[in-house]
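Report on the following structure.
The values are calculated or read from the model by the stated rules, or taken from the named source; none is laboratory data. No experiment lies behind these values; they were computed from the predicted model shown. Reconstructed Cβ throughout: ideal geometry from the backbone, glycine too, with neighbour counts over all protein chains shown. Remember, those area values only see protein heavy atoms, side chains included, never the ligands or the DNA or RNA. Shrake-Rupley method; radii C 1.70, N 1.55, O 1.52, S 1.80 Å.
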Amino acid sequence: MAWGIVSACHGRSPYFRQLEHGRQQKTGRRRGGTGTTLIPTYVGQATPSGTIEAGAYAAMKQDILEGIRAALPVDGVLLALHGAGVADGTEDVEGDLALAVRALVGPGVPIAAVYDLHGNMTDAMRDACDLTLPCKLYPHTDFHDRGVEAVELLLEMIRGGLTPVTAMRRLPMLPYIVTTQDGFIPAEVNDVCRKLAAQPGVIDCSWFHGFPYADIAAPCPAVVCTTTGDAALAQRCVDEVAQWIWSHREAFRPTFPPPAQGVALALSAAEGPVVVNEYADNPGGGTPGDGTHLLRALLDANPPAGTCCFASINDAAVVAQAQRAGVGATIRVSLGGKQGRFQGAPIEADAYVKCITDGRFVNRPGSMFEGVRFDLGAMCRLIIQRVDVIVASRAEQIFDVGPFVLHGVDVTGYKLVAIKGANHFRAGYRTVAKGIISVDSEGLSTAAIASFPRERLVGEFWPLSDEVQFGGGADVA
Ligand SMILES: [Zn+2]
């Protein structure tokens, strides 16, 4: 028995950890403990940014298909995808890819697909695959668990014990991206899904939160349910969850304070460290990471020495300037604010070069991407107006205390820890932060979803319009 495994977009994802349990064969094939042979075919990953160039996508698609073709015949295929890929000329990358894989292996070979919950689910994604399993947690600390589920279900299909059917229901809304941790509305949606999934005959009931920053026809949430062949049951489940989300949509309206207000709140907190995260410049959502809105608010607050630290602003030129001047020098910097009109003006200031590092660290246990190695290029720690500022040569959201520790900063001694990111940091700071304050401003990942101009959206979506109707059996787009 053999199946091919394809991973795209989230190449660092832990699905491949399963392969480590297998034994490497001379052929490159690895034999699992269930009499199966796993054939990894392709892995690719990138921090999100702009639209994928058509040629780049075509090359990756060809590599993926060639990898599977070389492994044929296979008993099943597991695709580990993101779900919100957009390439020039291909608005639905994952749907296009899944359909191509289906065409290659034929109708009789089961295909399971696991996704990031920020995927934008399409008809093509549903129709090409037998199983569609988005992760359930944000921070996405359950990638591995979903991979295990997918493998087990795929095996069941291969053995003939399962013939799944999948229903999907999209919602005409573009909510900002919200964590699934307790106290937030997505946790309640997960509870609704969990109750429905406990019914006999339901294999999985989940929802894609969607990725509203993509300018496509329907970058919206979608509920997906798979049953053991009962299409009506699957449809009832997705309808119920979708209706629940729709009736609670006001809970998806952001209420973040601006940076100056968030900084003041954090500095007046009884106990630190309080994490203040810059939602609008989240490199995990594709932004340049050189926004200065939060850093400027921090400097304007004029905090005492040793109370505030910040990581990390992406400015390779300033890191190079620090390298040339050396540790112990004071340099005049024009920091950040260079990559677009939403990033804020550069910070013009004198900066003391405290240390310079190679920018390499490993995510800590319990963090998102636990155990994954990061390399943000050369980095430095500057002290600007008594604030410790970590500068990187690449854009990346902050997942845990690693980037601070690398530069000799123990965040537990600080009152305010300012970072770039939306929600993934919540896993790594779970036991560190005494409080979390998300702030929003203008920026390419602002929670003010309605502020973006759109060319490709089809139909009416809340909160762009409050007049949108939802109900009955009609899907959007
Ligand atoms: Zn995600």
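Assorted remarks:
- For residue 399, the accessible area of its heavy atoms, probed at 1.4 Å with every protein chain present, is near 10 square angstrom.
- Normalised per residue, the accessible area of segment 259-447 is 35 Å², obtained with a 1.4 Å probe and no contribution from ligands, DNA or RNA.
- Angle in degrees between helix 185-197 and the longest Cα principal axis of the chain, rounded to the nearest 10: 20 degrees
- Sequence-distant lysines (8 or more away, or on other chains) whose Cα lies within less than 26 Å of residue 195: 136
- Cβ-derived FRET efficiency at R0 30 Å, residue 51 paired with residue 466, nearest 0.05: 0.50
- Ranked by the mean number of other Cβ atoms within 10 Å of their residues, highest first, the peptides 156-168, 108-120, 237-249 come out as 108-120, 237-249, 156-168.
- Take 74-80, 277-283, 254-260 and order them by the average number of nearby Cβ atoms within 10 Å per residue, most first; the result is 277-283, 74-80, 254-260.
- Interatomic Cα distance distribution for segment 259-447, bins of 10 angstrom, percent: 11, 42, 39, 8, 0
- Normalising by residue count, segment 57-194 has a Cα convex hull of 125 Å³ per residue.
- Farthest toward the positive end of the dipole of the chain, out of 44, 439, 408, is the Cα of 408, where the dipole comes from beta carbon charges about the Cα centre.
- Nearby lysines by direct alpha-carbon distance to residue 415 (threshold 23 angstrom, same-chain neighbours under 8 apart not counted): 354, 434
- Among 365-374, 199-208, sorting by the average number of other beta carbon atoms lying within 10 angstrom of each residue, highest first, gives 199-208, 365-374.
- Kirkwood-type hydrodynamic radius, segment 381-442: 12.7 Å, calculated from all non-identical alpha-carbon pairs.
- Relative contact order %, the chain, counting alpha carbon pairs below 8 Å whose residues are six or more apart: 15 percent
- Here the scattering of the chain is modelled by Debye summation over its C-alpha atoms, one equal scatterer each and no solvent; at q = 0.07, 0.09, 0.10 Å⁻¹ the log10 of I(q)/I(0) is -0.38, -0.63, -0.77.
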